[in-house]
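Inspection log for the structure reproduced underneath, given as structure tokens.
Derivation of every value follows stated rules applied to the coordinates shown; laboratory data play no part. Everything numeric here is computed off the predicted structure, so don't read it as measured data. All Cβ positions, glycine included, derive from the backbone under ideal geometry; neighbour counts span all protein chains shown.
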Amino acid sequence: MRKFSAHFIFTGNGTILEKGIIVLTDQGVVADIIDTNGKLEEKAGVEFYSGVLTPGFVNAHCHLELSHLRAAFGERSGLPEFLKNVAQRRNHNDPEILVEARNADHELWRNGVVAVGDISNTNATFPIKLESKIAYHTFVEALGFSPDRVEKAFGLACQCYDQAKEMGLSASIVPHSPYAISKELFDKITSFAISENSVLSMHSQESSAEDDLYRSGDGEIFRHLTENLNIDLTTFRPSGKGALESVIGNLPIENKLLLVHNIRTAQGDIDLISKTRPLFQTWFVLCPESNLFIENLLPDIELFRKNKLQICLGTDSLSSNHKLSILDEMKTIQSHFPSIPLIEIVSWATINGARALEMDSWAGTIEIGKRPGINLITGMDLQQLRLQPQSQIRKLI
Ligand SMILES: [Zn+2]
């Protein structure tokens with residue numbers, strides 16, 4: 001047994017305990033939580049830390065597979081240019097993929113992450129996930145906007161998915177984004193998702209060029225598809241609607257859904273989503289550092305709060321982020337949206353991600369019987385309960 005205390009404990013479900021005590025078994029399972037009402041007397045065997053204790057973090061959106069592209073691209077290029085760079089520089093046979101993905105897995109662990117929703121286009125990182133101390137849910141992502149590629153693209157995704165399942169990894173097949181999936185391929189993903197009752201994830205509303213493609217069959221993503229990827233889009237008929245609106249009917253209401261990025265999401269989009277599917281089955285994953293890196297924009301987080309949406313946090317990949325640190329994402333949010341209480345941001349970084357990835361039976365909150373991991377945040381403003389630039393994460397368990 002070990003006993004931890006600190007100036008404050010954020011349990012992850014909205015409770016703050018001042019100088020409380022967490023009792024953990026040798027296996028890291030929470031055996032007891034003691035509320036001292038802020039009056040911690042000298043107690044034998046209690047390890048006291050300066051700072052705030054939280055449950056282990058959940059990173060709801062990452063691409064381990066792209067870790068070797070760290071610092072490979074310029075910042076603020078916009079999404080179409082970024083997509084072109086990834087398509088050009090991505091080499092599925094690069095031996096660096098495994099080395100850097102393993103380093104990234106270790107970096108996540110050191111930074112207090114216990115669970116990850118990770119996008120895979122191949123099986124390259126599966127051995128790393130199998131060995132990792134982190135629990136992964138793999139979103140096997142299908143890619144194919146060309147109607148000619150439907151069978152091949154879905155076949156590749158199924159192969160990858162079967163391998164993940166054979167290895168005992170948690171996985172589902174998901175669409176990359178409205179602009180990377182043809183209607184025919186999307187139909188296959190949808191039927192499969194319904195039959196497997198799986199968790200879905202999709203990049204959404206990251207760039208206005210997605211809407212140009214669907215509204216008018218034009219714009220920078222259209223040009224990326226036709227010029228960089230040589231896809232024949234002569235049979236593609238624009239819907240005349242925005243990208244999300246064009247595909248939302250393909251996202252089954254029975255399935256949990258993580259919408260990732262949401263930079264351009266406005267009230268009208270939230271109204272559309274809430275009319276189309278249950279919001280309790282829908283999570284909005286924010287990757288602020290990646291958004292600043294690629295588009296130099298952030299989502300309207302206050303609007304999401306006003307609508308009481310379920311928010312999670314993700315780092316995205318090292319091709320669009322300098323670090324894989326959920327604490328850094330939290331700092332960025334707090335500095336751009338100073339009125340959001342830290343306790344709320346911590347719940348996005350913990351329990352919301354755990355629920356979205358169906359890992360809340362053991363992760364996301366400090367609760368008796370769970371094994372959530374324990375993080376210590378140091379260098380905080382303990383009067384105002386705010387993160388500071390120098391705040392750091394220390395993984396205790
Ligand atoms: Zn992504």
If all Cα-Cα distances of the chain are sorted into 20 Å bins from 0 onward, what percent lands in each bin, rounded to whole numbers?
28, 57, 14, 1
Restricting to lysines and to Cα separations under 18 Å from K188, and discarding same-chain partners fewer than 8 apart, the set is K152, K256
For segment 178-195, in residue order, the Karplus 3J(HN,Hα) values (coefficients 6.51, -1.76, 1.60; θ = phi - 60°; whole Hz; Gly and Pro = x) are x, 8, 10, 10, 6, 4, 5, 5, 4, 4, 5, 4, 4, 4, 5, 4, 5, 5
Mind checking which aspartates and glutamates have their C-alpha under 12 Å from K275, skipping anything on the same chain fewer than 8 residues away?
E245
What whole number of Å gives the distance from the Cα centroid of segment 2-20 to the Cα centroid of segment 98-151?
32
Diffing segment 254-264: the Karplus 3J(HN,Hα) column from phi (6.51, -1.76, 1.60, θ = phi - 60°), in whole Hz with x for Gly and Pro, holds 6, 9, 5, 9, 9, 9, 10, 4, 6, 5, 9
Taking H placed 1.01 Å from N in the peptide plane, check which residues at least 5 places from N13 or on another chain put their amide H under 5 Å from its amide H.
I366
Which whole-Hz ³J(HN,Hα) couplings does segment 365-372 yield from phi under the Karplus relation 6.51 cos²θ - 1.76 cosθ + 1.60, θ = phi - 60°, glycine and proline marked x?
9, 8, 9, 4, x, 8, 10, x
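In which sequence would M167, M330 go, from the one with the fewest C-beta neighbours within 10 Å to the one with the most?
Ranked by crowding around the Cβ, least crowded first: M167, M330.
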Under the rule of at least 5 residues apart or a separate chain, name every residue whose amide H is placed under 5 Å from the amide H of A135.
A115, V116
What residues have an amide H closer than 5 Å to that of V260, excluding those fewer than 5 places away on the same chain, when H is modeled at 1.01 Å from N in the peptide plane?
M202, H203, S204, V285
